1. With the cut-off at 25 Å, tell me which of the pairs 19/170; 91/186; 140/186; 140/190; 140/162; 55/91 have Cα atoms farther apart than that.
2. Work out from phi, with θ = phi - 60° and the Karplus expression 6.51 cos²θ - 1.76 cosθ + 1.60, the ³J(HN,Hα) of each residue of segment 5-16, listed in order in whole Hz, and give x for Gly and Pro.
3. Could you give me the ³J(HN,Hα) list for segment 115-121, computed from phi with Karplus coefficients 6.51, -1.76, 1.60 and θ = phi - 60°, whole Hz, x at Gly and Pro?
4. Between residue 54 and residues 5 or more places away or on another chain, which pairs have amide H atoms under 5 Å apart, with H built 1.01 Å from N, and which residues are they?
5. Check residue 84: other-chain or 5+ apart residues with amide H under 5 Å from its amide H, H built from backbone geometry?
6. Under a crude label model (7 Å from the Cα following the beta-carbon direction), how far is residue 196 from residue 3 in nanometres?
7. Express in % the proportion of alpha carbon pairs of segment 2-188 at distances exceeding 24 Å.
8. Output ³J(HN,Hα) for segment 176-183: one whole-Hz value per residue in order, computed from phi by the Karplus curve 6.51 cos²θ - 1.76 cosθ + 1.60 with θ = phi - 60°, and x for Gly and Pro.
Amino acid sequence: MAIVQANIRAVLRSEATRKINFKYGSWIINEQAFTRLAVQLDQYRSSGNPLVGIKVSVDEDIPVWAAGEYLSTSDDIVVPKLNYGMDIIEKGVLLHECVHAIVDTQQYSTKMFDPDNESAAYIGEALFRIYSGAPINIDKSVSNRYEITIREVANRIAYLIKDSPGAEIKEKDYNSLAGSVLAHPKYSQKGWTRYSRRSMDGPMANLVNVFGAVAYLSLRKTSDPSFRFVPVRNVIREAVLDAAQAAKKP
Ligand SMILES: [Zn+2]
């Protein structure tokens, strides 16, 4: 695990990543968010407790098209091999998954949806590649026509907002990117729509967040409070989801 973890750390600390600074709806993807993520990765590593911080794991059976993935229920960045992240393409993928992890921890929005989560990650990846001096070469590195469209739109947005710290992605731009994400079978086959949400949000999530906040405050009295809120909230969220699933069964 050490190699890919070191690679993620290097990506998070890189000059290119530190330049990434944009706002997508209520999500803020900037240096502070990346630094916080690095702390969350360290927290899992030093505690070994799967409920604390954010994990990195290797799954050799990961679908070829996925390259990497982020599992929001278990707070897990999953890569296809132990030494993932050696070249600029793989580093870009790691950055992409890191944006998903940040979105997961910032999911306080009620307006952002699955295709937005994906769009934010593609914009982050495009910016990372541009700031690294190796912009994604759509002709050479992309073969799937749906992905070509996604990369083209993401690149266009990235060039629009680059070097404008805190730039807000305009609604028409993210809608166009979200549209090309949805056009890709790999996402539409997951049953995504423009307004679908993988993670729970809305009134139920607010209730869960209240429970999470109470748990956080009680933990805070007894132990180190740093960043425990997110895992605790997720644990409760999962418990509620399980309960909801169980209730649905006849
Ligand atoms: Zn993604």
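1. Details: 19/170 19 Å; 91/186 22 Å; 140/186 21 Å; 140/190 27 Å; 140/162 23 Å; 55/91 17 Å.
Flagged as over cut-off: 140/190.
2. With coefficients 6.51, -1.76 and 1.60, one gets 5, 5, 5, 5, 4, 5, 5, 5, 8, 5, 4, 4 Hz.
3. x, 6, 4, 5, 4, 4, 5
4. Answer set, sorted by chain and number: 41, 43, 44.
5. Under 5 Å from the amide H of residue 84: 4.
6. Going by the 7 Å Cα→Cβ label model, 3.5 nm.
7. 32 percent
8. Each residue's phi maps through the Karplus curve to give 5, 5, 4, x, 6, 5, 5, 6 Hz.
Here, each number is a calculation from the coordinates, and none is a lab measurement. From a predicted model like this one, the values you see are computed outputs, not experimental measurements. Here the Cβ is made from the backbone with ideal geometry for all residues, glycine too, and neighbour counts use every protein chain on show.
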